[in-house]
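**Q** Okay, here's the structure, questions in a sec.
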Amino acid sequence: MNVGFLIEDWAHIEPGKSSTLLLIQECMLRGHRVSVVYPSNLTVRNNVAHGFCRVLQEMEKVPDSAASFYKKVKFEEQMLPLQGFDCIVIRKDPPIDPIMLNFLDSVKNQTVVINDIDGLRKANNKLYTTTFHDPNNAFLPVTHVSKNKEYLKRMIAESPTERMILKPLDGSGGRGVIVLERDAKENTNSLLDFYINTRSDTSNYVILQEYIEGAHEGDVRVLMLNGKPIGAYQRKPSDGDLRANIHVGGTAHKYKLTESQRHVCKKVGPRLAADGLYFVGLDMIGDKILEVNVMNPGGITNINRLNKVKLQRQVVDFYEEKVNEWAEHRAELEYIFQRLNELRH
Ligand SMILES: Nc1ncnc2c1ncn2[C@@H]1O[C@H](COP(=O)(O)OP(=O)(O)O)[C@@H](O)[C@H]1O
Ligand SMILES: [Mg+2]
């Protein structure tokens with residue numbers, strides 16, 4: 001298999017923490033050809049999308065440890081057509097880069113792209129959860145998304161709970177997540193102004209959300225592969241912070257999904273897979289889904305360490321399955337076209 005990983009920057013990978021590195025290493029261990037491409041290195045050459053790729057050189061023995069694999073890998077620079085890859089794996093941090101997706105549009109029907117480009121477009125911000133349709137809040141917290149300050153103030157005033165969460169619609173890594181106290185009215189106006197009108201020439205959507213009870217004990221990152229949970233771990237916020245994200249000081253703990261959390265995964269899993277969101281990270285508190293991370297979900301390293309597993313094997317198994325499926329599908333199409341041609345003549 002010839003796999004292209006679209007990543008931020010090889011130099012920024014942290015070997016002990018990077019799920020992407022484990023996926024690349026697993027592909028190399030299986031003898032696949034692997035290249036890394038940076039979104040800024042995509043190029044069209046006479047109407048065909050190419051990438052200035054860094055092709056990983058074959059290794060006599062691929063090291064077992066991610067750190068020494070990272071250190072020993074050597075590259076060869078090559079300009080390659082994207083359609084030449086059997087599989088393109090997008091592992092770029094959010095926010096989504098719409099132009100990067102436009103480059104990939106041209107290979108959509110020629111190669112496997114994980115996650116699917118249209119799925120990524122659909123799920124590129126936290127509005128995606130509204131497509132799950134959960135009118136009774138069985139698994140989605142009460143959530144409002146708006147730019148309308150008066151409406152948001154009314155929702156805060158009418159909130160049955162004392163505390164609510166305010167966050168940007170397209171945030172990530174815990175950026176800008178704050179608690180609003182219903183009765184601290186003096187702050188509300190100014191905060192809403194600040195979040196909605198960061199700049200004078202544009203305005204932003206914000207999320208106002210019920211504060212989910214139990215959040216202080218941490219949230220749960222669930223890794224979903226092809227619509228099914230393959231692993232989970234708990235993230236506990238550091239003292240004095242409400243955000244459990246690892247990037248802002250949260251710590252990782254072993255966790256077993258509860259029956260009702262599994263039930264929620266079962267409800268949304270088929271939808272994720274149907275949208276081509278094959279490998280995603282759900283953030284849950286209790287039975288409520290906070291967000292669906294689709295661009296570059298992490299967690300493999302933590303789950304591996306806590307549970308003595310190697311989740312990257314299941315993920316690469318899936319890449320292989322998808323590529324085989326696609327090859328069979330293409331062979332069938334070619335056969336049909338050939339028969340049609342014969343019939344025509
Ligand atoms: N409604 C909420 N109730 C309680 N805690 C929350 C809520 N929303 C976010 N948080 C905390 O903030 C963290 C980041 O929020 P999240 O919605 O996942 O955004 P991000 O994309 O920044 O990770 C969560 O992991 C959780 O710890
Ligand atoms: Mg999150």
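The values are calculated or read from the model by the stated rules, or taken from the named source; none is laboratory data. Keep in mind that what you see is a predicted model, and the values were worked out from it rather than measured. Positions of Cβ are generated from backbone atoms using ideal geometry, with glycine treated the same way; all protein chains shown enter the neighbour counts. Areas reflect the complete protein model, heavy atoms only, side chains present, ligands, DNA and RNA absent. Shrake-Rupley method; radii C 1.70, N 1.55, O 1.52, S 1.80 Å.
**Q** For residues that are buried (at least 19 other Cβ atoms within 10 Å of the Cβ) and either more than 20 Å from residue 300 (Cα to Cα) or within 16 Å of ligand 2 (Cβ to nearest atom) (or both), tally how many sit in the range 214-234.
**A** Qualifying residue count for the region: 11.
**Q** Also, quick follow-up: Residues that are of a type in the set (Phe, Trp, Tyr) and more than 27 Å from residue 170 (Cβ to Cβ): find the helices (runs of 4 or more DSSP H) completely inside the range 35-138 holding 1 or more of those.
**A** Values: elements: 66-72, 98-105, 117-122.
Counting at least 1 such residues, we get 66-72.
**Q** Name every residue in the range 195-208 that is open to solvent by 10 Å² or more (accessible area, probe 1.4 Å) and in contact (Cβ under 8 Å) with a residue 12 or more places away in the chain, in order of residue number.
**A** Initially, the range 195-208 is screened for residues open to solvent by 10 Å² or more (accessible area, probe 1.4 Å), giving 195, 197-205.
Passing the criteria: 195, 203, 204, 205.
**Q** A further question on this structure: Where in the range 235-345 are there helices (runs of 4 or more DSSP H), lying wholly inside it, with at least 1 residues that are modelled with pLDDT under 95 and either open to solvent by less than 30 Å² (accessible area, probe 1.4 Å) or more than 16 Å from ligand 1 (Cβ to nearest atom) (or both)? Steps first, please.
**A** On the way: elements: 259-274, 300-307, 311-344.
In the range 235-345, the matching helices (runs of 4 or more DSSP H) lie at 311-344.
Residue-wise test of (1) within 16 Å of ligand 1 (Cβ to nearest atom); (2) within 17 Å of the chain's Cα centre (by Cα); (3) not in a strand (DSSP E or B).
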{"residue": "194", "(1), (2), (3)": "no, no, yes"}
{"residue": "200", "(1), (2), (3)": "no, no, yes"}
{"residue": "204", "(1), (2), (3)": "yes, no, yes"}
{"residue": "209", "(1), (2), (3)": "yes, no, no"}
{"residue": "221", "(1), (2), (3)": "yes, yes, no"}
{"residue": "224", "(1), (2), (3)": "yes, yes, no"}
{"residue": "231", "(1), (2), (3)": "no, yes, no"}
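**Q** Residue 211 is checked against (1) in contact with a Pro (Cβ under 9 Å, 6 or more places away or on another chain); (2) among the aromatic types (Phe, Trp, Tyr); (3) under 20 Å from residue 298 (Cβ atoms) and fails just one. What number does that condition carry?
**A** So residue 211 meets the others, but not (3).
**Q** Quick one: is residue 161 assigned to a loop (DSSP other than H, G, I, E, B), β-branched (Val, Ile, Thr) and either over 22 Å from the mean Cα position of the chain (by Cα) or assigned by TED's automatic domain parsing to the domain that holds residue 240 (or both)? Steps first, answer last, please.
**A** Values: assigned to a loop (DSSP other than H, G, I, E, B): yes; β-branched (Val, Ile, Thr): yes; either over 22 Å from the mean Cα position of the chain (by Cα) or assigned by TED's automatic domain parsing to the domain that holds residue 240 (or both): yes.
Here the answer is yes, as residue 161 does meet what is asked.
**Q** Of (1) of a type in the set (D, E, K, R); (2) loosely packed, with under 14 Cβ neighbours inside 10 Å; (3) in a loop (DSSP other than H, G, I, E, B), residue 170 satisfies all except one. Which?
**A** Going through the list (1) of a type in the set (D, E, K, R); (2) loosely packed, with under 14 Cβ neighbours inside 10 Å; (3) in a loop (DSSP other than H, G, I, E, B), residue 170 breaks only (2).
**Q** Checking the condition open to solvent by 20 Å² or more (accessible area, probe 1.4 Å), farther than 22 Å from residue 276 by Cβ and away from ligand 2 (no atom under 16 Å from the Cβ), which residue from 109, 187 passes? First the steps, then the outcome.
**A** Values: 109 fails: farther than 22 Å from residue 276 by Cβ.
Result: 187 is the single residue among 109, 187 that is open to solvent by 20 Å² or more (accessible area, probe 1.4 Å), farther than 22 Å from residue 276 by Cβ and away from ligand 2 (no atom under 16 Å from the Cβ).
**Q** Could I ask something else about it? Quick check on the range 169-180. Is at least one of its residues basic (Lys, Arg), away from ligand 1 (no atom under 12 Å from the Cβ) and under 30 Å from residue 312 (Cβ atoms)?
**A** Step one: filter the range 169-180 for residues basic (Lys, Arg), giving 175.
Pick out the ones that are also away from ligand 1 (no atom under 12 Å from the Cβ) and you get none.
No: zero hits.
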